[in-house]
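What follows is a set of notes on a single structure, which appears directly below.
The values are calculated or read from the model by the stated rules, or taken from the named source; none is laboratory data. Please read these numbers as outputs of a predicted model, since none were measured by experiment. Here Cβ is always computed from backbone atoms with ideal geometry, including for glycine, and neighbour counts include all displayed protein chains.
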Amino acid sequence: MEKLIQLHCPNGVPFKTLGEVCEILDNLRKPVSKEKRTEGKYPYYGANGIQDYVDDYIFDGTFLLMGEDGSVINKDNSPILNWAVGKIWVNNHAHILSEKSDVALLRFVFHYLQTVDVSAIVRGTPPKLNQQNLRNIQIPLPPLAIQSEIVSTLDKFAELEAELEAELEARKKQYEYYRNAMLNYELKITNYEELGNIIHSLKTGLNPRKNFVLNPPNATNYYVTVREINNGKITFVDKTDMVDDEALKLINNRSNLEIGDILFSGTGTVGRMAVIESVPTNWNIKEGVYVIKPKQEIINSRFLMHLLNSSHIKNDLV
């Protein structure tokens, strides 16, 4: 890559607008209401992907679809994109782009647009990315040889990512199967004790309403919600809210977090769990997170967490 850059563009890469590097075929789109569609084999695309399958098509080739209204922007502010190949139908909620010969590889444009923040050009409710703003998006334009090398590398990573996601999903299903088998069959559990008989208490954290404010200037402690409970652990992220020392004491007076306690999300995504493994000195929990205090002399905390996470019990909880 470095050799290609030195050879083809030692003085930097020029930029052109998306309207200059791609053909925009929006005038050829045709919306069809659901009741007027006839079922078939051709994908019918909207803003965020395939909406249906119909018996006819209006485009045949390789295209980049970009949400125009409704679903137009991801959480990271990049545009909603779909890569479409073959015979397709596209309604008027997605812009449709095709490749201009000898200008830019459409696949290069696809990869680059995934890095672009379009929040400043998305307008209205529902959100809309109009064609004028679409055409004015700036695209770097290295020589085709460099574009091709970038595409080849990124496509390989995308393929590996898809394989990893499939593997993770398979491992998750495998874990759930063996967890349920071990807890419900191999242990031959026939008599369940009520949760209240094997725990000391069930408490929650504290809501900031009338008690404290989130994210004051002097805040150095984390305020844990369901977002921070992941894969049996507490993980802080950039968006984690913060509280000051006084608020932390107020929350702990209610939650009294200790090693071995189980956190359980009771709002939002219900049923996320984690076991506290070290004394929480710089964080505490919101009101919607329960703290379960097991009687550790009779039940292991992590064993109880796995029990609560088994399908036999979780289906009743959520």
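Quick check on this structure: which one of T269, T281 is without any contact (Cβ under 8 Å) to a residue 60 or more places away in the chain, more than 23 Å from the chain's Cα centre (by Cα) and farther than 15 Å from I198 by Cβ?
T281
Which of (1) part of a helix (DSSP H, G or I); (2) in contact (Cβ under 8 Å) with a residue 12 or more places away in the chain is the odd one out, the single condition S152 does not satisfy?
Here S152 meets the rest and fails (2).
Would you check if A166 is surrounded by fewer than 12 Cβ atoms within 10 Å (Cβ to Cβ) and either of a type in the set (V, I, T) or at pLDDT below 90 (or both)?
The answer is yes for A166.
Applying the selection to region 236-258, what residues are in a loop (DSSP other than H, G, I, E, B) and without any contact (Cβ under 8 Å) to a residue 24 or more places away in the chain?
Residues satisfying the conditions are V237, D238, K239, T240.
So L81 ticks every box in (1) loosely packed, with under 15 Cβ neighbours inside 10 Å; (2) under 22 Å from D117 (Cα atoms) but one. Which box is left unticked?
Evaluating L81 over (1) loosely packed, with under 15 Cβ neighbours inside 10 Å; (2) under 22 Å from D117 (Cα atoms) leaves (1) as the failure.
So in region 230-261, with the set limited to residues that are under 13 Å from P280 (Cβ atoms) and among the β-branched types (V, I, T), which one is surrounded by the fewest Cβ atoms within 10 Å (Cβ to Cβ)?
Among those residues, the one meeting the criterion is I259.
Of all residues in region 241-256, which are farther than 11 Å from N218 by Cα and of a type in the set (D, E)?
Matches in region 241-256: D241 only.
Taking region 118-149, which residues are part of a loop (DSSP other than H, G, I, E, B) and farther than 15 Å from I80 by Cα?
G124, T125, N136, L141, P142, P143
Give the residue that is modelled with the lowest pLDDT, with candidates limited to residues of region 259-271 that are closer than 14 Å to G205 by Cβ and in a loop (DSSP other than H, G, I, E, B).
Looking at residues that are closer than 14 Å to G205 by Cβ and in a loop (DSSP other than H, G, I, E, B), I get G268.
Are any residues in region 11-65 assigned to a loop (DSSP other than H, G, I, E, B), of a type outside the set (S, T, N, Q) and either under 24 Å from S101 (Cα atoms) or in contact (Cβ under 8 Å) with a residue 24 or more places away in the chain (or both), and if so, which ones?
G12, V13, P14, L25, R29, K30, P31, V32, A47, D56, Y57, I58
Taking interchain pairs and intrachain pairs at least six residues apart, which have beta carbon atoms under 8 angstrom, with the first residue in region 103-124 and under 25 Å from P142 (Cα atoms) and in contact (Cβ under 8 Å) with a residue 40 or more places away in the chain and the second acidic (D, E) and buried (at least 18 other Cβ atoms within 10 Å of the Cβ)?
Short answer, once both residue conditions are applied: L105/E99; L106/E99.
Going by the conditions given, is K233 in a loop (DSSP other than H, G, I, E, B), at pLDDT below 95 and basic (K, R)?
The answer is no for K233.
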